[in-house]
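For reference, the structure discussed in these notes is given below.
Derivation of every value follows stated rules applied to the coordinates shown; laboratory data play no part. Not measured: the values here are computed from a predicted model. Here Cβ is always computed from backbone atoms with ideal geometry, including for glycine, and neighbour counts include all displayed protein chains.
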Amino acid sequence: TRTPVTVTVTGAAGQIGYALLFRIASGQLLGADVPVKLRLLEIPQGLKAAEGTAMELDDCAFPLLQGIDISDDPNVGFDGANVALLVGARPRTKGMERGDLLEANGGIFKPQGKAINDHAADDIRVLVVGNPANTNALIAQAAAPDVPAERFTAMTRLDHNRALSQLSKKTGAPVSEIKKLTIWGNHSATQYPDVFHAEVAGKNAAEVVSDEQWLADTFIPTVAKRGAAIIEARGASSAASAANAAIDHVHTWVNGTAADDWTSAGVVSDGSYGVPEGLISSFPVTAKDGKFEIVQGLDINEFSRTRIDASVKELEDEREAVRGLGLI
Ligand code: NDP
């Protein structure tokens, strides 16, 4: 029998947490043969609701679930963690400036990064979902100097999946036949979904679509503003699809990408494609042996270049702001 993997979820009592935990416990995160222990981290006000979720998890009698611990102390919540899904974050409220938002989240992600540094397992892998995800990941990473920087990632898989779905609708090809799509940059309205290297049923996606205006005026804004459209329709932000993307991200990270495909993830830049080193930016990535690698050598056309640069510029500004606040 395999030793259980400890998975810590922060913001466990929130909407995404509720959509995520049952899927982790059922084996969808790591595999149907991998037992898991769950650690639910919440702020004090969230503890009671987390206990309720834990009761429901018990009531599912998941064969793979070997224990649930609940805490409001990051030092306890990350103790021995192999995988950490950082979902809980301070949302932007009305009238809040970006600096205030970054500062409030620094107060969450800096101590969490330190607790990960001091208490997590040696093979810890971190996915940040809570927004602003890229910069929250950077803050946590900077607070964890003993953990290899590449273990801190930010989620752009939901954007990637949204782009796959939009391209599938446009071309009529099933998502299973769409490959090598890329989300570049920040998980924000400036993100750039790139189809120029993508393939639809083996053909170049940009040629299949052959409509730059559709790309610029419909596809890109639809993907980038999908979150707002869901809030408008549902009256609540996306939760099941965000949880699904978190599952996809970690599953791919651990189990690898197909030989003829890649995915998108926010990973620490090594300077590739002119993205300043150290920023956590979304790239085309493959995964092998438990490691993400940035796909190299793609030609970037003018259309893409300006959009990648704009999103990366936003990440640089966020990094400057959190530096100014002493958060990194
Ligand atoms: P959700 O579970 O809906 O969202 C959690 C975070 O995920 C938010 O920052 C949200 O960003 C982000 N997110 C990223 N991608 C998406 C997406 N595609 N769609 C929707 N959200 C996305 O929030 P809830 O308010 O329901 O729950 C948050 C929980 O976190 C609460 O229970 C709270 O107590 C807890 N919390 C825990 C902390 C901790 O453990 N230390 C710290 C802070 C909060 P956005 O706001 O931009 O949508």
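Give me the dipole magnitude in Debye, nearest 20, for the chain about the Cα centre, with unit charges on the beta carbon: positive for Lys and Arg, negative for Asp and Glu.
So the magnitude is around 500 debye.
Could you size up the charge dipole of the range 5-154 around its Cα centre, putting +1 on the beta carbon of Lys and Arg and -1 on that of Asp and Glu, and report it in debye to the nearest 20?
500
Filter the trypsin sites (Lys or Arg not before Pro) in the range 203-271 to those in DSSP coil with at most 16 other Cβ atoms within 10 Å of their Cβ, and list the result.
Passing sites in the range 203-271 are LYS225.
Could you pull out the longest piece of the chain with no exposed loop GluC sites (Glu not before Pro) in it, calling a site exposed if DSSP puts it outside H, G, I, E, B and it has at most 11 other Cβ atoms within 10 Å?
In the chain, the maximal stretch lacking such sites is 98-276.
Can you bin the range 157-317 into rounded, prolate or oblate? Criterion: square roots of the alpha carbon gyration tensor eigenvalues sorted a ≥ b ≥ c, rounded for a/c under 1.5, prolate for a/b above b/c, oblate for the rest.
rounded
What is the helix-to-structure angle for 133-142, meaning the angle in degrees between its Cα long axis and the longest Cα principal axis of the chain, kept from 0 to 90 and rounded to the nearest 10?
Compared with the principal axis, the helix lies near 60 degrees.
Ratio of alpha-carbon Rg to the 2.2 N^0.38 Å globular estimate for the range 137-251, to two decimals, please.
Expressed relative to 2.2 N^0.38 Å, the Cα Rg reads 1.17.
Return one number: the angle in degrees, 0 to 90 and rounded to the nearest 10, between the long axis of the Cα atoms of helix 47-59 and the longest principal axis of the Cα atoms of the chain.
It works out to around 90 degrees.
To the nearest 10 degrees, how steeply does helix 302-324 sit against the main Cα axis of the chain, on a 0 to 90 scale?
30
Whole Å is fine, so just give me how far the alpha carbon centre of the range 78-123 lies from that of the range 128-174.
Answer, in whole Å: 15.
Can you give the calculated 222 nm mean residue ellipticity of the chain, where each DSSP H run of n ≥ 4 adds -39,500 (n - 2.57) and the sum is split over every residue, rounded to the nearest 500 deg cm²/dmol?
-12500 deg cm²/dmol
Quick check of the Kirkwood formula: for the range 1-155, what is the inverse mean of 1/r over all pairs of different Cα atoms, in Å?
Evaluated on the range 1-155, it is 15.5 Å.
For a test of the definition: using alpha carbon positions, the gyration tensor, and the 1.5 limit on a/c, classify the chain as rounded, prolate or oblate.
prolate
Highest GNM mean-square fluctuation, the chain, Cα pairs closer than 10 Å: which of VAL275, VAL200, VAL209?
Of VAL275, VAL200, VAL209, the Gaussian network model singles out VAL209 as fluctuating most.
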